[in-house]
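Structure first, commentary second.
The values are calculated or read from the model by the stated rules, or taken from the named source; none is laboratory data. All values reported here derive from a predicted model rather than from experimental measurement. Backbone-built Cβ (ideal geometry, glycine too); neighbour counts: all protein chains shown.
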């Protein structure tokens with residue numbers, strides 16, 4: 001499972017770089033539109049990096065049979081799609097096609113981070129028992 005999250009992290013990281021280049025060079029002079037688009041790029045990249053952490057966690061002994069890394073990875077991935085995707089679409093087409101998608105994406109990103117807290121707590125507990 002850890003390899004899967006590394007592939008997903010690489011995909012989101014690479015597309016974030018491409019989106020950043022597009023947003024910076026192709027969106028014209030409207031700073032507010034560019035800022036919205038680039039916020040999506042920033043959140044996508046940070047969460048792509050978080051997925052590298054998920055990949056590492058999934059490879060560790062306490063988590064090889066756990067669903068926690070899967071939950072974190074799905075939360076980050078769906079969060080990127082809904083949050084950053086909504087910002088990209090708004091900047092490109094001028095409206096939000098699915099109302100509420102960005103906040104749900106934000107909540108999913110936070111859920112991914114909370115899941116990492118649980119992973120840390122579980123690791124702490126396992127280390128204290130041994």
If I filter the range 39-59 for residues that are farther than 21 Å from residue 9 by Cβ and assigned to a helix (DSSP H, G or I), do I get at least one hit?
no
Any idea which residue in the range 64-85 is nearest to residue 26 (Cα to Cα), counting only those that are crowded, with 22+ Cβ neighbours inside 10 Å and touching a residue at least 40 places away in the same chain (Cβ under 8 Å)?
84
Are any of the residues in the range 55-63 within 30 Å of residue 125 (Cα to Cα), under 10 Å from the mean Cα position of the chain (by Cα), modelled with pLDDT of 95 or more and surrounded by 17 or more Cβ atoms within 10 Å (Cβ to Cβ)?
no
Exactly one condition in (1) surrounded by 17 or more Cβ atoms within 10 Å (Cβ to Cβ); (2) more than 30 Å from residue 29 (Cα to Cα) is not met by residue 118; state its number.
(1)
Residue satisfying condition, being assigned to a helix (DSSP H, G or I) and either more than 23 Å from residue 103 (Cα to Cα) or modelled with pLDDT under 95 (or both), within set 9, 21:
21
Among the residues of the range 64-78, write down those that are in a helix (DSSP H, G or I) and under 18 Å from residue 124 (Cβ atoms).
68, 69, 72
Can you tell me which of 103, 69, 97 is within 19 Å of the chain's Cα centre (by Cα) and more than 15 Å from residue 47 (Cα to Cα)?
103
